[in-house]
2 protein chains.
Amino acid sequence: MKKVFTVTSEDKTTRARTGQITTAQGPVLTPAFVPDATLGVVKHLSSLELKTMGLQMLLGNIYHLWLRPGVPVVKKMGGLHQFMDWHGPIITDSGGFQVLSLVYKNKMGKVLANGIKFKDHLTGTLHFLTPEKSIDMQLGVGSDILMVLDYPVLENSNLKDNKQSVKLTTAWAKESKNYFDKHSRKDQILMAIIQGAGNMPLRKQSFEELEKVGPFPGYGFGGPPLNEKILAYTASLIPQDRIRYVMGGGTPRDIIKAVAMGWDLFDCVIPTRNARHGLLYTFKGEVRISQTKYKLDKKPIEADCPCLACQTYTKAYLRHLFKAKEPLALRLFSLHNLTFYMRFMKRIRKSIETERFSALLKNY
Amino acid sequence: MKKVFTVTSEDKTTRARTGQITTAQGPVLTPAFVPDATLGVVKHLSSLELKTMGLQMLLGNIYHLWLRPGVPVVKKMGGLHQFMDWHGPIITDSGGFQVLSLVYKNKMGKVLANGIKFKDHLTGTLHFLTPEKSIDMQLGVGSDILMVLDYPVLENSNLKDNKQSVKLTTAWAKESKNYFDKHSRKDQILMAIIQGAGNMPLRKQSFEELEKVGPFPGYGFGGPPLNEKILAYTASLIPQDRIRYVMGGGTPRDIIKAVAMGWDLFDCVIPTRNARHGLLYTFKGEVRISQTKYKLDKKPIEADCPCLACQTYTKAYLRHLFKAKEPLALRLFSLHNLTFYMRFMKRIRKSIETERFSALLKNY
């Protein structure tokens, strides 16, 4: 296992730490938040805007890129970095989460021993997603950090399903790793995902099996349940020198609590999705921009925020745009919320480095 | 009549000319194209983007601002310039066009001798738009160039209606001017609108009556019909030292032909609306970005265009965004098309100044 992650400082009273991931496209300072560039774009935002907000890494969704524009198109266009004009690091998911959502929610497929059979949400075409296929596509778009295809179960799953989830997740991680080792560049990173639902012995077993298949330089938390007890326990299983990644988490409060458990990496649609609903984050709390009290508010969302929305517009104007359903509002709010998340993560990193993390944690 | 317009050069073979309008917010070089900032925003674009594309003046729609956020809000927020962070000149329409569309198309109102009674398109509330009310609202948002409330008729109107249109337009221009003279700042400009449908003697009569009420420093062409013969004839009625304004026109081809007739000012939703339909303008012709031939096209929309879309992205990526219905595509296309219009108008001005306008005209 090549060393791609270094812990750079550790908090004395919690398990929080700062670190650095070394990728082909440069370093990622952790704890880090990774916005979702689902279809090769962070909804509403240009690559120039992403570059100016202090963003370190993006997440690409293999399921979506597979369907549109198709992995061969991205590949022929020079890879995802070149295609979307984002030259920093990119992490990709396996596509499994979206595919299993279709299987579970819409009964559009089935999990087999060697992969997932499903019908896509656009045309209903039948596809088969295998561990190798997922890695092949992630390599095809030129990802810097790849995730193995895993098999999460539903929140209310029984012990038999949970065991099957761990078993298939291990088997698929092995197939993923074999394919990755054969076809990847030396500077690409493959991470595994720990399953086991809410069952601690199963979580432990899942990690140990994966570590035997690996060892992997990093592990994702495979949900559900995304509760604090399981999250803390799973973090404690992963060795100190590996990347710990909470996939699909979360709110600022979720994140800082997970950082205290020792987690390093987070991705979530919350900041951008909430932006599109007019819910804005500030260090003084949330702003619901549609509220009448902002009708004549001449102040920005947050005075010391460097984003275009805060540097240019009053809350009154932003409220007007939002209520009139002007798309500019959704762009400005996405820009603001992601800028907030970047500033929030920076504040977390700084507080760990300067031994003030516990004080920051108490505020949340 | 204060002098607010100066002709700076004249083409020798057509009636085209360059000129300069002097407004409270600075000069506007003509021929000029004025994008629609309907609700206090050019759909999809930030004020920063407007500033960097060489845009000279914006059009605010009084009907829309009246309903949302309301003129008192805009006024309390320091006027439309301040509210939307656009510190260049702003021209406003009277609101009449939108209101009459409701009356004609949806039978939601009635034209009376002293104004237009109508129900708005949002809540169906009953309103009464008078000439004074329109001027009062235009002054309320702090417009630099105001338009009188006029009374255009439908394309297929009869002589009696056409005569009534001219009669009311004159009467309303008089009321507008009286109110404007009493309440405006000295550096604001009021322009009238010539009616008379497709009937040349009525067009002449309309201009002469308005000139008696005025004289006005500029005249708009009141449609319909927006055909070449009537457009050329109406331009010829307006003295050389006045601003000639084609309201709601048009495509690049429409514009250059109207410039050749002596028209100076144009506003239209075409570049932004077509952008939202994936129709892009270039100096080599139109690009329909959804076409399959652009699937792997590594070139920008137009190599020498300075807009963010052309400086950053390939046609293949833009096509992907558009087909995936990503809002970033609509923003980038709006940015590109307006940048094209600004470059096109600059090229027209330059060609008139350097006596090469006829050659440029022949290309269209």
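So how many residues does the range A:1-51 have that are at pLDDT below 95 and within 30 Å of A:Ser358 (Cα to Cα)?
Residues meeting the conditions: 1.
Could you check, for the range B:250-271, whether at least one of its residues is touching a helix residue (DSSP H, G or I) at 6+ places or on another chain (Cβ under 7 Å), within 14 Å of chain A (Cβ to nearest Cβ) and either at pLDDT below 95 or under 24 Å from A:Pro69 (Cα atoms) (or both)?
no
Every residue in the range A:191-205 that is among the charged types (D, E, K, R) and closer than 29 Å to A:Asp144 by Cβ, please.
The answer is A:Arg203, and nothing else.
Could you go through the range B:287-301 and let me know if any residue there is surrounded by fewer than 21 Cβ atoms within 10 Å (Cβ to Cβ), acidic (Asp, Glu) and more than 14 Å from every other protein chain (Cβ to nearest Cβ).
No, the range B:287-301 contains no residue that is surrounded by fewer than 21 Cβ atoms within 10 Å (Cβ to Cβ), acidic (Asp, Glu) and more than 14 Å from every other protein chain (Cβ to nearest Cβ).
Considering B:Phe216, B:Phe207, which residue is out of contact with any Cys (no Cβ under 9 Å at 6 or more places or on another chain), part of a helix (DSSP H, G or I) and buried (at least 17 other Cβ atoms within 10 Å of the Cβ)?
After ruling out the rest, the residue left standing is B:Phe207.
Quick check on my filter: what residues within the range B:240-281 are of a type in the set (Ser, Thr, Tyr) and not in a loop (DSSP other than H, G, I, E, B)?
B:Tyr245, B:Thr272, B:Tyr281
Just to be sure I understand, how many residues within the range A:106-126 are under 24 Å from the mean Cα position of the chain (by Cα) and among the small types (Gly, Ala, Ser)?
So the count comes out to 1.
Take A:Arg203 and tell me if it is more than 16 Å from the chain's Cα centre (by Cα) and not assigned by TED's automatic domain parsing to the domain that holds A:Met342.
yes
Could you check, for the range B:256-275, whether at least one of its residues is closer than 23 Å to A:Gly78 by Cβ, free of Cβ contacts under 8 Å to residues at least 40 places away in the same chain and not hydroxyl-bearing (Ser, Thr, Tyr)?
Looking for residues that are closer than 23 Å to A:Gly78 by Cβ, free of Cβ contacts under 8 Å to residues at least 40 places away in the same chain and not hydroxyl-bearing (Ser, Thr, Tyr), one finds none in the range B:256-275, hence no.
Got a sec? Which of A:Leu168, A:Leu102 is surrounded by fewer than 24 Cβ atoms within 10 Å (Cβ to Cβ), in a helix (DSSP H, G or I), in contact with a strand residue (DSSP E or B) (Cβ under 6 Å, 6 or more places away or on another chain) and not small (Gly, Ala, Ser)?
Answer to the selection: A:Leu102.
Of the conditions (1) surrounded by fewer than 17 Cβ atoms within 10 Å (Cβ to Cβ); (2) more than 17 Å from B:Lys346 (Cα to Cα); (3) within 14 Å of another protein chain (Cβ to nearest Cβ), B:Leu112 clears all except one; give me its number.
(3)
Among the helices (runs of 4 or more DSSP H) contained in the range A:305-364, which hold 1 or more residues that are within 13 Å of chain B (Cβ to nearest Cβ) and within 22 Å of the chain's Cα centre (by Cα)?
Filter on the range A:305-364 gives A:327-353.
It is to be established whether one or more residues within the range A:291-302 are of a type in the set (A, V, I, L, M) and in contact with an Asp or Glu (Cβ under 8 Å, 6 or more places away or on another chain).
There is no residue in the range A:291-302 that is of a type in the set (A, V, I, L, M) and in contact with an Asp or Glu (Cβ under 8 Å, 6 or more places away or on another chain).
For A:Leu280, indicate whether it is touching a residue at least 12 places away in the same chain (Cβ under 8 Å) and either within 11 Å of chain B (Cβ to nearest Cβ) or more than 21 Å from A:Gly249 (Cα to Cα) (or both).
no
Return the residues of the range B:100-126 that are farther than 14 Å from B:Leu154 by Cβ and of a type in the set (Val, Ile, Thr); say none if nothing qualifies.
B:Ile116, B:Thr123, B:Thr125
Please go through the range A:182-204 and pick out each residue that is assigned to a helix (DSSP H, G or I) and within 23 Å of A:Asp136 (Cβ to Cβ).
A:Lys182, A:His183
Run down B:Asp187, B:Asp181, B:Asp254 and say which single residue is closer than 27 Å to B:Pro27 by Cβ, touching a Ser or Thr at 6+ places or on another chain (Cβ under 9 Å) and not basic (Lys, Arg).
Among B:Asp187, B:Asp181, B:Asp254, only B:Asp187 is closer than 27 Å to B:Pro27 by Cβ, touching a Ser or Thr at 6+ places or on another chain (Cβ under 9 Å) and not basic (Lys, Arg).
When you go through (1) in contact with an Asp or Glu (Cβ under 8 Å, 6 or more places away or on another chain); (2) crowded, with 19+ Cβ neighbours inside 10 Å; (3) not basic (Lys, Arg) one by one for A:Thr312, which number turns out not to apply?
Here A:Thr312 clears every test but (2).
Would you check which residues across the range A:125-163 are out of contact with any strand residue (DSSP E or B) (no Cβ under 9 Å at 6 or more places or on another chain), outside any loop (DSSP other than H, G, I, E, B) and more than 23 Å from A:Met77 (Cα to Cα) and list them?
A:Leu159, A:Lys160, A:Asp161, A:Asn162, A:Lys163
Assuming A:Pro239 fulfils every condition listed in (1) closer than 23 Å to A:Asp187 by Cβ; (2) buried (at least 20 other Cβ atoms within 10 Å of the Cβ) apart from one, which condition is it?
Condition not satisfied by A:Pro239: (2).
For the range B:67-99: of the residues being assigned to a loop (DSSP other than H, G, I, E, B) and under 24 Å from B:Ala171 (Cβ atoms), which is farthest from the other protein chains (Cβ to nearest Cβ)?
B:Ser94
Taking B:Tyr233 as the residue in question, decide whether it is under 25 Å from B:Leu159 (Cβ atoms) and at pLDDT 95 or above.
Criteria met by B:Tyr233.
Between B:Leu55, B:Leu50, which is touching a residue at least 24 places away in the same chain (Cβ under 8 Å), outside any helix (DSSP H, G or I) and closer than 30 Å to B:Gln311 by Cα?
B:Leu55
Using beta carbons and a limit of 7 Å, which pairs, at least six apart or on different chains, have the first residue in the range A:295-318 and touching a residue at least 40 places away in the same chain (Cβ under 8 Å) and the second one aliphatic (A, V, I, L, M) and surrounded by fewer than 23 Cβ atoms within 10 Å (Cβ to Cβ)?
If the second residue must be aliphatic (A, V, I, L, M) and surrounded by fewer than 23 Cβ atoms within 10 Å (Cβ to Cβ), the pairs left are A:Cys307/A:Met53; A:Leu308/B:Leu48.
Within the range B:282-304, is even one residue among the acidic types (Asp, Glu) and assigned to a helix (DSSP H, G or I)?
No.
Whether any residue in the range A:276-283 is buried (at least 19 other Cβ atoms within 10 Å of the Cβ), of a type in the set (A, V, I, L, M) and in contact with a strand residue (DSSP E or B) (Cβ under 6 Å, 6 or more places away or on another chain) is what I want to check.
yes
Test of understanding: among B:Gly198, B:Gly218, B:Gly214, which residue is touching a helix residue (DSSP H, G or I) at 6+ places or on another chain (Cβ under 8 Å), touching a residue at least 60 places away in the same chain (Cβ under 8 Å) and not charged (D, E, K, R)?
B:Gly214
Please state which one of B:Thr52, B:Thr30, B:Thr38 is within 12 Å of another protein chain (Cβ to nearest Cβ), crowded, with 18+ Cβ neighbours inside 10 Å and among the β-branched types (Val, Ile, Thr).
B:Thr38
I need the full set of residues from the range A:1-27 which are of a type in the set (Ser, Thr, Tyr) and crowded, with 20+ Cβ neighbours inside 10 Å, in order please.
Once the filter is applied, which keeps residues that are of a type in the set (Ser, Thr, Tyr) and crowded, with 20+ Cβ neighbours inside 10 Å, the range A:1-27 yields A:Thr18, A:Thr23.
The values are calculated or read from the model by the stated rules, or taken from the named source; none is laboratory data. Just so it is clear, the model here is predicted, and its values are computed rather than measured. Glycine gets a Cβ as well: all are built from the backbone with ideal geometry, and neighbour counts include every protein chain shown.
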